[in-house]
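Values quoted throughout were computed directly from the atomic coordinates according to the rules given, and no laboratory measurement underlies them. Bear in mind that the values here come from a model prediction, so they are computed numbers and not experimental data. Glycine gets a Cβ as well: all are built from the backbone with ideal geometry, and neighbour counts include every protein chain shown.
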Amino acid sequence: MNIENFIQRTEVLHKRLADLCQTASVLPWIQEDLLPLAFKELYNSSKIVQLAAEELYQQNEELIQTRNWLETERQHYQELFEFAPDAYLVTNTETIIQEANFTAAKLFNVSKQFLVGKPMINFVPLEERQHLRNELIQLSQSDRVRELSIRLEQRHGELFDAALTVALVRNPQGKATSLRWVIRNITERKQLELAVVKNDSDLFYDRSVDKHSKGETIPLNPLVIWYVCQGLVKLSTYCETGEEVLLGLATTGMVFGSSLTSLNIYQATALSDVELVSIYAAEIAASPTLSHTLLPKINQRLQQTESFLVICGRRRVQERLHHLLQLLKREVGETVAEGTRLSVRFTHEDIASACCTTRVTITRLMGKLQEQGVISFDLKKHIILKDFD
């Protein structure tokens, strides 16, 4: 019986009881004190039932409106999920796919029905699977969102470069229940990056290459800008006390030179074996192609310099060290099984100069980070950052 029929029947019942009560009270041969007490109680009860039925009807209407609103919202978010520009997956903790949107099915070249129930690891080439497993292990230990680049494989074996963002979901009791995946195809971006590198190579292929060994000081000429073909260059200055201050790191594809600074003391040191190409400032002014190519690289150096300035402005040495390691992770980090490895070996003196503190302080703080398991070192004393954000 639905609510409306129930209300109608209670109204009819109440009316009949009211008629009976009125009839019984006016009959001349029935005295008032002879009216059965049970009859009065039944009549009063019917009034209560009628009021309760009306209240129930009102509550039912509100529930219907709420349900309709929730269904509309659910449909809205379902459509956002289905037709999002990025591929979305929901898996259990064993990476078995439970939900997949339309973009994910298109990305992997399969139907949604085929995706659901399949392990996500099936779409990872064999040589990449251990790397992904290591990342998921770290995710389960930290709960922080993991971002990584990896090769994935479509149903018919075609590989593509992908950027993955993975988040762990836990229930109120703290137990891991599922994983949320956002997957982007970055093949075109990778190809564009390679094309840019190729264009740079084509632009500088007919120029002589200067090679410097690790530890060498690179000569600077105010009329020349150096382009880094390979390796890493440390840029620094010296303060009044004679202490070295790290200003920046010129990695492959970046530029540096004394003409890009107003400092009286400016030094460039090879942190690894480097290969450089010299470009005269007059050439840049005369060549729109050179200007167009080098402007983003100069801008990159400027942004990095500002990042080092922000680090120096931190009050606490621990904060300076934390943000410096984040910067180094971004600039020279490479993904390994244990985390992110800095491709160049930095001494405690190098780190101290960037943090505007002493080597002894950095040694103490690095020791604490190592005890906490935040960092470690490989056999060549390169720093490895473990889940460092």
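By the Kirkwood approach, averaging reciprocal distances over each pair of separate Cα atoms, the stretch 249-290 gets a hydrodynamic radius of 12.3 Å. Using the Stokes-Einstein relation with a Kirkwood hydrodynamic radius computed over Cα pairs, the translational diffusion coefficient of the stretch 192-385 at 4 °C and a viscosity of 1.567 mPa s comes to 73 µm²/s.
Per-residue 3J(HN,Hα) values for the stretch 64-73, derived from phi via the Karplus relation 6.51 cos²θ - 1.76 cosθ + 1.60 with θ = phi - 60°, read 5, 5, 5, 5, 5, 5, 4, 5, 5, 5 Hz in sequence order (x marks Gly and Pro).
Between the residues Gln98, Thr165, Pro119, the greatest Cα displacement towards the positive end of the dipole of the stretch 87-185, with unit charges on the Cβ of Lys, Arg, Asp and Glu, is found for Gln98. Its Cα centre serving as origin, the stretch 87-185 has a Cβ charge dipole (Lys and Arg +1, Asp and Glu -1) of approximately 260 debye. Couplings 3J(HN,Hα) of the stretch 238-255, computed from phi: 10, 8, 4, 7, x, 7, 7, 10, 6, 9, x, 10, 9, 9, 3, x, 9, 10 Hz, in residue order, whole Hz [Karplus 6.51 cos²θ - 1.76 cosθ + 1.60, θ = phi - 60°; x for Gly and Pro].
Look at the dipole of the stretch 273-325 built from charges on Cβ: of Thr289, Gln318, Val277, the Cα furthest out on the positive end belongs to Gln318.
Compared with the alpha-carbon gap, the fully stretched path from Thr177 to Glu338 is longer by 55.5 nm at 0.36 nm per residue.
Computed over the stretch 87-185, relative contact order equals 29 percent, with contacts defined as Cα pairs under 8 Å that lie 6+ residues apart. If you take the square roots of the eigenvalues of the alpha-carbon gyration tensor of the stretch 303-353 and sort them as a ≥ b ≥ c, do you get rounded (a/c under 1.5), prolate (a/b over b/c) or oblate? Since a/c reaches 1.5 and a/b is larger than b/c, the shape of the stretch 303-353 is classed as prolate. Applying the Karplus relation 6.51 cos²θ - 1.76 cosθ + 1.60 with θ = phi - 60° to the stretch 355-367 yields 3J(HN,Hα) values of 9, 6, 8, 9, 4, 4, 5, 5, 4, 5, 5, 5, x Hz, where x marks Gly and Pro. Between the alpha-carbon centres of the stretch 122-175 and the stretch 334-389 there is a gap of 25 Å.
Take every Cα pair under 8 Å whose residues are at least 6 apart in sequence, average their separation, divide by the length of the stretch 232-373, and the relative contact order is 22 percent.
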